[in-house]
1. In the stretch 16-95, how many lysine pairs have Cα atoms under 20 Å apart, counting only pairs 8 or more places apart or on different chains?
2. Add -39500 (n - 2.57) for each DSSP H run of 4 or more in the chain, then divide by its residues: what number comes out at 222 nm, to the nearest 500 deg cm²/dmol?
3. Scan [x] 317; [y] 158; [z] 140 for the value of volume of the Cα convex hull per residue in Å³ calculated from this model and give just the label.
4. Place a point 7 Å from the Cα of ALA52 along the Cα-to-Cβ direction; which residues of the stretch 5-23 have their backbone N under 20 Å from it?
5. What number, in percent, do you get for the relative contact order of the chain if the mean sequence gap of Cα pairs under 8 Å and at least 6 apart is divided by its residue count?
6. Relative to the longest principal Cα axis of the chain, at what angle does helix 20-36 sit, 0 to 90 degrees, rounded to 10?
7. Does anyone have the angle between helix 72-84 and the longest principal axis of the chain? Alpha-carbon axes, 0 to 90°, nearest 10?
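Taken together, the values in this text are just the output of simple stated rules run on the coordinates, not laboratory data. Given the structure is predicted, the values throughout are model-derived calculations rather than measurements. Quick reminder, even Gly has a Cβ in these numbers, built from the backbone with ideal geometry, and neighbours come from all protein chains shown.
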Amino acid sequence: MKKELEFYELVLLMNFTSTEQETVQRIDYYRDLLTGKGSQVMVKNHGKRPLAYPIQGFDTATYIQMIYLGNGDLVTAISKEIKRDSSVLRAITTKIVDQPTLEVVS
């Protein structure tokens, strides 16, 4: 039995010292990797943000948010690629869970 596809959110904190063009190339690389495996991807670049605490010696990072459709195999594949990327300071993937609708009783 094949596992059903679910929505995942990937948050990337990328090295602030990268140029705008390098950042766009990295975003395009990850988007192409996901779409190449049959996923649908929505990307939002939140720009450069100050960090609450230093990560790998950086106080500022470029904050990228990706929401994509996939399964556990796709999450594993993208995680392996991210671990090899030295421009990514931190990456967090979470599954977006459907919340049941609550019935309002009068």
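1. The number of close lysine pairs in the stretch 16-95 is 6.
2. Calculated mean residue ellipticity at 222 nm is -9500 deg cm²/dmol.
3. [z]
4. 9-16, by backbone N distance to the label point.
5. 43
6. Here the helix axis deviates by roughly 30 degrees.
7. Once rounded, one gets 10 degrees.
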